[in-house]
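Read the figures in this text as sums done on the coordinates, not as results from a lab. Quick caveat, the model's predicted, so the values are computed rather than measured. Note that we place each Cβ from the backbone using ideal geometry, even for glycine, and neighbour counts take in every protein chain shown.
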Amino acid sequence: MRRILEAVKKSAYNFQYNLCLIIEFLSSYYNCVQAFISSTPDFKILTSTEQISLFQRNLLGVLCGCTVCLLNESGVFDTPENELVFSLLYDTEVTLQSKNIVQKLNYDPVVTKLMLVCLAFSSNCYMVNNHGNINQDSLLLGTFRLFGSQNAYVEVCWKYLLEKYGFNHAVKLYSNLIKQLLDTFSVSIDMYNNNILHRIFLDALIQQTETLSIVDKNSTVPLWGKLL
């Protein structure tokens, strides 16, 4: 991300080049997020159609959460020059809202990764209207199957917070993280509705999930590191 920031700043007057550079980076970043979720044991035991449905439900929500962490780690809002790079794609209001979320985030990489997996197995993270294809959702009548996985990761996340920060501080950190994620989703929805480039990009990602072939059905997949 830092290399992208430097490259864009060096070619500040070439908007088309910068736009292509940013979109190329976002596509690569999307693939990394997808690979991260695909590597979890709970994801691997789903059928191929269930995996696709899960991505269509929640991947963009996870992407939002990961983006907040990326903005935090890369220092996008640390300098006016870096902030200008973000505003190339998004207006001033979105930039200010995003900056406010990042500044309020009490970042702990372990908690963040666990929370993103919890988010991936959510039942209600529709970030984009799937154009009326809701009846093709393979998890439509089996959403409860996700909750076992989600609860397990939530429990691990909470125990980590308790062990590292103690009860009172853990409650504050957890509540703040949920608040920042909800604010992120709200900003993301506005971006999707009001920014045509953002909408085209996300629609292409959603369509891409329909052709995924994620798991080899003939392979033995360990659950929580143990063979069944």
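Where in segment 87-104 does the amide nitrogen come within less than 19 Å of the point 7 Å from the Cα of Ile200, taken along Cα to Cβ? Correct set: 87-91.
Could you give the distance between the Cα centres of segment 46-101 and segment 158-201, to the whole Å? Using only Cα atoms, the two centres lie 11 Å from each other.
Counted by Cβ distance under 14 Å from Tyr30, the other residues give a net charge of -2, where Lys and Arg count +1 and Asp and Glu count -1. In this Cβ point-charge picture (+1 for Lys and Arg, -1 for Asp and Glu), segment 23-121 has a dipole of about 380 debye about its Cα centre.
Near Tyr160: Cβ cut-off under 12 Å, other residues only, Lys/Arg at +1 and Asp/Glu at -1. The net charge is 0. In terms of distances greater than 26 angstrom between alpha carbons, the cross-link table entries Lys44/Lys164; Lys99/Lys159; Lys44/Lys172; Lys159/Lys179 yield Lys44/Lys164; Lys99/Lys159; Lys44/Lys172. Sorting 26-38, 162-174 by average packing, meaning the other beta carbons within 10 Å per residue, from highest down gives 26-38, 162-174.
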